Amino acid sequence: MGSRFHWREQPARLMQVGEFQIAQVPVTVSQYSVFVDSKAVKDKQWWSSQGWEWFSGHADAWGREDRAAPDGWEAQLKRPFRAVTGVSAFEAEAYCAWLGKLKNRAVRLPTEEEWEYAARGDDSRAFPWGDEFVATFANVVESEHLALLDAGSLSNDSSLFGVLDMCGNVQQWTSSAYTPFPKEVVPPGPLRVARGGSFNDTAFGARTSYRRGYPPGFFFPYLGFRIVVSVV
């Protein structure tokens, strides 16, 4: 895990993860819309205590007024097969809790170690498909799509395990806390790790080892999430 190419990725190290199942693509607008349309999103039982504070308006949402639906939701509904974006980590966790109850399974966000293993495999490859960057393989700046595509629509953006959209399309929340490096300028409060590249990232920021830290209440039009199902 990690690399020598950026200080956020150091030191490179060996890690172990337990058995898990990760979704092939990020959660889509169509899938998330069931959570919104059923009004389950407004049910306190699915939210963490910090998440409920955020949802209830007691924590900063950086100008977002409607917290019952992702940012830009009406526009997103016109593209149901794209990854849902504009969601905070709190919303992603609430969705996982709700879906887990429906499926009677332990559904959650991946840890960053699980995410990196699913993207990188056992051989520390720089990109899901290998060590050489190919602009046409993923939805990043160099491919010149410059907007979201349907989830999983670029089949070459695939890891050794067949997991798609790990290099491009949308960045993805993880459950892991982000610890700032000395003198790193970050927003106040706890931070959460996001992994993967997006249509808004260059190849350097889309490498399998690249990592970012955001407040869990942040949301962006290039940030979504995928789920993990724990193996019982």
> Somewhere in region 107-117, is a residue closer than 30 Å to residue 43 by Cα, part of a loop (DSSP other than H, G, I, E, B) and free of Cβ contacts under 8 Å to residues at least 12 places away in the same chain?
Replying inline: no
>> With the requirement that a residue be over 17 Å from residue 119 (Cβ atoms) and outside any loop (DSSP other than H, G, I, E, B), what does region 189-202 give you?
In response: 192
> Hey, among 232, 186, which residue is open to solvent by 10 Å² or more (accessible area, probe 1.4 Å), at pLDDT below 95, in contact with a strand residue (DSSP E or B) (Cβ under 8 Å, 6 or more places away or on another chain) and assigned to a loop (DSSP other than H, G, I, E, B)?
Replying inline: 186
> Is it the case that region 84-103 has a residue that's touching a Gly at 6+ places or on another chain (Cβ under 7 Å), modelled with pLDDT of 95 or more and open to solvent by 20 Å² or more (accessible area, probe 1.4 Å)?
Replying inline: yes
> Given (1) closer than 19 Å to residue 224 by Cβ; (2) open to solvent by 50 Å² or more (accessible area, probe 1.4 Å), where does residue 122 come up short, assuming only one miss?
Replying inline: (1)
>> Suppose we filter 165, 131, 150 for residues that are of a type in the set (D, E, K, R), surrounded by fewer than 18 Cβ atoms within 10 Å (Cβ to Cβ) and within 17 Å of residue 24 (Cα to Cα); which single one remains?
In response: 150
>> Consider region 153-162. How many of its residues are open to solvent by less than 20 Å² (accessible area, probe 1.4 Å) and touching a strand residue (DSSP E or B) at 6+ places or on another chain (Cβ under 8 Å)?
In response: 1
>> Condition first: under 15 Å from residue 195 (Cα atoms) and in contact with a Gly (Cβ under 9 Å, 6 or more places away or on another chain). Now tell me which residues in region 104-122 satisfy that.
In response: 114, 115, 116, 119
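Residue by residue, here is whether (1) on the phi < 0 side of the Ramachandran plot; (2) among the polar types (S, T, N, Q) holds:
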{"residue": "86", "(1), (2)": "no, no"}
{"residue": "100", "(1), (2)": "yes, no"}
{"residue": "113", "(1), (2)": "yes, no"}
{"residue": "117", "(1), (2)": "yes, no"}
{"residue": "144", "(1), (2)": "no, no"}
{"residue": "150", "(1), (2)": "yes, no"}
{"residue": "153", "(1), (2)": "yes, yes"}
{"residue": "158", "(1), (2)": "yes, yes"}
{"residue": "166", "(1), (2)": "yes, no"}
>> Quick check on my filter: what residues within region 57-83 are under 21 Å from residue 150 (Cα atoms) and either assigned to a helix (DSSP H, G or I) or modelled with pLDDT under 95 (or both)?
In response: 73, 74, 75, 76
> Assuming residue 177 fulfils every condition listed in (1) hydrophobic (A, V, I, L, M, F, W, C); (2) open to solvent by 30 Å² or more (accessible area, probe 1.4 Å); (3) modelled with pLDDT of 95 or more; (4) over 27 Å from residue 105 (Cβ atoms) apart from one, which condition is it?
Replying inline: (4)
>> Name the single residue that is surrounded by the fewest Cβ atoms within 10 Å (Cβ to Cβ) among those in region 198-229 being closer than 30 Å to residue 53 by Cβ and among the aliphatic types (A, V, I, L, M).
In response: 229
>> Can you tell me which of (1) in a loop (DSSP other than H, G, I, E, B); (2) at pLDDT 95 or above is the one residue 125 doesn't meet?
In response: (2)
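The values are calculated or read from the model by the stated rules, or taken from the named source; none is laboratory data. Since the model is a prediction, treat every value here as computed from it, not as a measurement. Neighbour counts run over all protein chains shown; Cβ positions are idealised from the backbone, glycine included. Note: areas computed on protein heavy atoms with side chains; ligands, DNA, RNA excluded. Shrake-Rupley method; radii C 1.70, N 1.55, O 1.52, S 1.80 Å.
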